[in-house]
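Take a look at the structure below.
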Amino acid sequence: MLLAVTKDGQNQILPVAYGICKNECTDSWTWFFQKLRDCIGNMQELTIISDRSPSIATSVANIFPHAHHGIRGVHLYFNIVSRFGKSNTVKGIFWEACRAYTVDAFGAAMDVMKKTKEPVWDAESINALSRHARKVSILMLIDFFRATMQHWWFQRRNFAAEATTILTPWADDIVKENKKSFSKWDVCMISNTKCEVKKGAQNVIVDFQHMTCTYRHWQLDEIPCGHVIRCLTVNNYQDCSRYALNAYFTETLRKTYEESINPLPKPSEWDIPDDLMIVKPPIMDKRQPGRPRNTDRIPSQGEGPIRK
């Protein structure tokens, strides 16, 4: 099963597409990304995060040549752990490097990692959600996803309808927290659209015309950081929402889930078009692995089966 997921403005997993193929290879991923492109188009600033599969890298380069393609941190972390073993010290430095907003911050974290004496050592949520459903037939698996989406859409639609903030509650909480963090920083005006935020020896430039902050949180997260909020507050401008990405607006969240996902009728009630393409079962030219191992308790040696 091939999956594509994203996050909505409330920081919730939002499934975009899923497909079923006989194995993960370049042909399968190319087909999947072609179908995905047909749905979302050639989006600007599209970023695709995946594991280190060469077939995914090749397919992304062919279908979305202008997209940013990165490696998911969790996959990279577990790859390092499997090779070098666990290290709590290096684990913290690794994630600090992953979350670095500037080249200098990344370099500083990597320098610390090199000096340590310890060895250096994701769609996964949806996979975990469907681990039991994967044991049933494909049609039942697909209906499991449909039923799950039906439930999620209903809950999130009601949540968005009751939200009263301009930004989603999750994004609004981040803005409130940022207000507390930088409430005592000094602001010096450079021009009508540019400010300097100072705290001790640290100077940060906020440019509202180009929507940039030299601390880089604003450009990468696209939620007003503390420096931006501090500049707005000093200039008696309390509404920070206009400087956030549209995806973080509550109205966008409402539109995301405004349509309902309905259950399928019985097969006898399906309206099948006359020109519907007949899809034949795939030719399984490669031996498939067995079913996932059952997680039930393994009987002890000499323990016989329990008859019900």
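The values are calculated or read from the model by the stated rules, or taken from the named source; none is laboratory data. Here the structure is a predicted model, which means the values were calculated and not measured. Using ideal geometry, Cβ is built from the backbone for each residue, glycine included, and neighbour counts are taken over all protein chains shown. When the accessible area is computed, the model is the full protein with side chains, heavy atoms only, and any ligands, DNA or RNA have been set aside. Shrake-Rupley method; radii C 1.70, N 1.55, O 1.52, S 1.80 Å.
Before moving on, here are some points about what is shown:
- Rounded percent of accessible protein surface that carbon and sulfur make up, the stretch 125-257, 1.4 Å probe: 54 percent
- All aspartates and glutamates inside 16 Å of Lys184 as judged from Cα atoms, apart from same-chain residues fewer than 8 positions distant: Glu196
- Taking a point 7 Å from the Cα of Asn235 along the Cα-to-Cβ direction, the residues of the stretch 197-214 with backbone N closer than 14 Å to it are 197, 205-213.
- Mean-position separation - Cα centroids, the stretch 150-185 and the stretch 219-243, in angstrom: 16 Å
- Two-site label geometry, Ile49 and Gln155: point separation in nm, points 7 Å out along Cα→Cβ: 2.1 nm
- Shown for the chain: cysteine residues without a partner Cβ closer than 4.7 Å, namely Cys21, Cys25, Cys39, Cys98, Cys188, Cys213, Cys225, Cys240.
- Listed pairs Lys7/Lys176; Lys91/Lys194; Lys7/Lys280 exceeding 29 Å between Cα atoms: Lys91/Lys194; Lys7/Lys280
- DSSP-defined beta bridges in the stretch 1-108 - what % are antiparallel, rounded to 5: 60 percent
- Which listed pairs, of Lys198/Lys255; Lys135/Lys255; Lys35/Lys135, have C-alpha distances above 32 Å, in listed order: Lys198/Lys255; Lys135/Lys255
- Note on Phe78 and Glu222: their simple-model spin labels are 2.8 nm apart, each label 7 Å out from Cα toward Cβ.
- Here the gap between Ala247 and Asn262, fully extended at 0.36 nm per residue and compared with their Cα-Cα distance, gives a gain of 2.9 nm.
- In the chain, a dipole from Cβ-located charges (positive for Lys and Arg, negative for Asp and Glu) runs towards its positive end, and of Gln10, Ala247, Ile261 it is Gln10 whose Cα lies farthest in that direction.
- When only the Cβ of Lys, Arg, Asp and Glu is charged (+1, +1, -1, -1), the dipole of the chain relative to its Cα centre reaches about 1280 debye.
- Projecting the Cα atoms of Phe78, Leu36, Ile20 onto the dipole axis of the stretch 1-114, where Lys and Arg carry +1 and Asp and Glu carry -1 at the beta carbon, places Phe78 farthest toward the positive end.
- Accessible surface for the chain, divided over its residues, is 70 Å² per residue with a 1.4 Å probe.
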